[in-house]
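Okay, so here's the structure we're looking at.
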């Protein structure tokens, strides 16, 4: 399947063309109940390079902070341009949120920096930026996570990426939503290189948040 995300519109609502009909159906059926969804900023269905990543995090969807529109609207230099480049896997730092320009200046940068700090201390921020990837089950921002009643066409591309990284032997770290990921990518059920975190509330990568020895495996995969 061809990557649908580079075709995202240049103005809001930022919905991938392939998803527009499905999202319109969902919003028409439940306009008030879907107020947690935000399409006024660019989606973030992934961060990282699927060809270079040694470790892939599986998450549910990008969260929402009130700073998002300001950051993407020019409040943070280059952020909107890099997010757009990220949709084509061309961001300057593949894991775009930990680019030195954005670690402390964007909500996503601050969020990820806290959760990846221990891994960066064990390797380096440069290695984490190059060798780590996150895939979001649902690529659009929301205040809280609630699955849609219909699948989105763009999700098929994400599931394809999961399979491709598994074919390369990447470590897969399931941070949230294991059941939903396995339902859509059944191969994950028997994939031997899957790590589950101890806490789904704090999804930081640290030795205490995963089975013994797994953090060292992640460190080695990132440091290669």
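The values are calculated or read from the model by the stated rules, or taken from the named source; none is laboratory data. It should be emphasised that the depicted structure is a prediction, and the values quoted were computed from it without experimental measurement. All Cβ positions, even for glycine, are placed from backbone atoms using ideal geometry, and neighbour counts span all protein chains on display.
Quick notes
- Meets criteria (surrounded by fewer than 16 Cβ atoms within 10 Å (Cβ to Cβ) and on the phi > 0 side of the Ramachandran plot) for residue 78: yes
- Number of the condition not met by residue 83 [criteria: (1) farther than 27 Å from residue 12 by Cβ; (2) crowded, with 16+ Cβ neighbours inside 10 Å]: (1)
- Flag for residue 48 being out of contact with any strand residue (DSSP E or B) (no Cβ under 8 Å at 6 or more places or on another chain) and within 18 Å of residue 138 (Cα to Cα): no
- Within the range 197-224, tally of residues that are touching a residue at least 40 places away in the same chain (Cβ under 8 Å), in contact with a strand residue (DSSP E or B) (Cβ under 8 Å, 6 or more places away or on another chain) and part of a helix (DSSP H, G or I): 4
Residue-by-condition table, conditions (1) modelled with pLDDT under 95; (2) surrounded by fewer than 19 Cβ atoms within 10 Å (Cβ to Cβ); (3) within 30 Å of residue 191 (Cβ to Cβ):
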position: 2; (1), (2), (3): no, yes, yes
position: 5; (1), (2), (3): no, no, yes
position: 15; (1), (2), (3): no, no, no
position: 21; (1), (2), (3): no, yes, no
position: 29; (1), (2), (3): yes, yes, no
position: 33; (1), (2), (3): yes, yes, no
position: 53; (1), (2), (3): no, no, yes
position: 67; (1), (2), (3): yes, yes, no
position: 71; (1), (2), (3): yes, no, no
